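Below is one structure, written out as structure tokens, with a few remarks after it.
The values are calculated or read from the model by the stated rules, or taken from the named source; none is laboratory data. As the structure is a prediction and not an experimental result, all values here were calculated from the model. Cβ atoms come from the backbone with ideal geometry, glycine included; neighbour counts cover every protein chain shown.
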Amino acid sequence: MKVRGPRADRPRDYRQAIHEFSRSLTLVVDEDQLRAAIPAKLREFFGLERVAIFLREGDGAPFRVASARGIEAPVADAAAFPADGRLARWLKVNEMPLVLAEQPGVVDFLDAGERDTLRSLGAAACFPLVALNQLRGFLAVGPTGRGPALGLDPGERELLGVLAGQAALAFENAALIREQRDRLKRLYRAERLATAGEMAAGAAHEIRNPLTSIRSAIQHLRGDYEDASPRAELIDDILAEVDRINEIVEALLSFARPAQVKFESVDLAELVRQSGRRAHRCARSQMWCDGRGRRPGVTAVHGRRQSHQAGCAERRDERAAGDAGRWNAVDRGRASGCRGGDPGRRYRL
């Protein structure tokens, strides 16, 4: 058999062509290199005017041109075929080439958009790229220059179909190698995270020792004040924050040992009251005072009682029976001295 093209003076048989092409494919494991090498080899073997490789990036993604020879870039960039379109389904089910000039019934079966795309590409036939019973893509090839038809004899078509199968396996191998590399990268990252977790566990263990001393000292100070004292309330909040730090330390230690889920009952009313106190202190710390030590611009509202004295934010704790301890704040705006601010906005604390 004589092969047309740049090396048409050199005869090739099926075995030699497949051997050389397969060998060149096994030496390439990068998908970008495969996309560049396959169209060049096919044009060299068969003297085709146009060759385009259609692949898809993921499940459900359309088939788009991954590499092309003899086709203008704007046309190749615009060409796309749905993954569940009629052309893809036909190639997957039949696993045989579609020669447009010889199978008009199949061409009529295709969607109008698919026919227009094939016509814009100047495609004379489509060869499926099937690997592991999956359609990885297909080749859209143009004529050999001997008319609008494909221009290949049955032996050459069979050879092109075999080489298309080899190309599909090469793309499958390249995808598997890429996935293996990504898996190794994730494994290395997991090892680094494990090492970081061990270091964090060691640091957290060292933090717990002074934290215990701090909590013991604060508890000792707490005994000097009555429960109704404002300072006692402040010390209770400090103890709560120390406990929160201890929880963070426990979370760091969970990197080194498996954690067990623990359920406990929570007094929602007390939780809301604690949140209100913390939010109130945070709001006071973020407001500036005028020359007389006042903080104008915010009205604190607790339940249905409102406290606003001389333009200053004042806290009034009306712990009535059944009161869940709701706190609100009304922003009076920059004009009244509130920093930042959204005038008229009501915040539920």
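Hey, among 221, 160, 234, which residue is in a helix (DSSP H, G or I), within 30 Å of residue 45 (Cα to Cα) and either hydrophobic (A, V, I, L, M, F, W, C) or in contact with a Gly (Cβ under 8 Å, 6 or more places away or on another chain) (or both)?
Details: 221 fails: within 30 Å of residue 45 (Cα to Cα); 234 fails: within 30 Å of residue 45 (Cα to Cα).
Going through 221, 160, 234 in turn, the sole match is 160.
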Tell me which helices (runs of 4 or more DSSP H) are completely within the stretch 30-147 and hold 3 or more residues being modelled with pLDDT of 90 or more and hydrophobic (A, V, I, L, M, F, W, C), or say none if there are none. 73-78, 86-94, 104-109, 112-121
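Matching residues to (1) surrounded by 13 or more Cβ atoms within 10 Å (Cβ to Cβ); (2) acidic (Asp, Glu); (3) touching a residue at least 12 places away in the same chain (Cβ under 8 Å):
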{"site": "226", "(1), (2), (3)": "no, yes, no"}
{"site": "229", "(1), (2), (3)": "no, no, no"}
{"site": "237", "(1), (2), (3)": "yes, yes, yes"}
{"site": "241", "(1), (2), (3)": "no, yes, no"}
Residue pairs meeting the criteria (Cβ under 8 Å; at least 6 apart or on separate chains; first among the acidic types (Asp, Glu), in the stretch 167-191; second surrounded by 10 or more Cβ atoms within 10 Å (Cβ to Cβ) and modelled with pLDDT of 85 or more): 172/131; 172/136
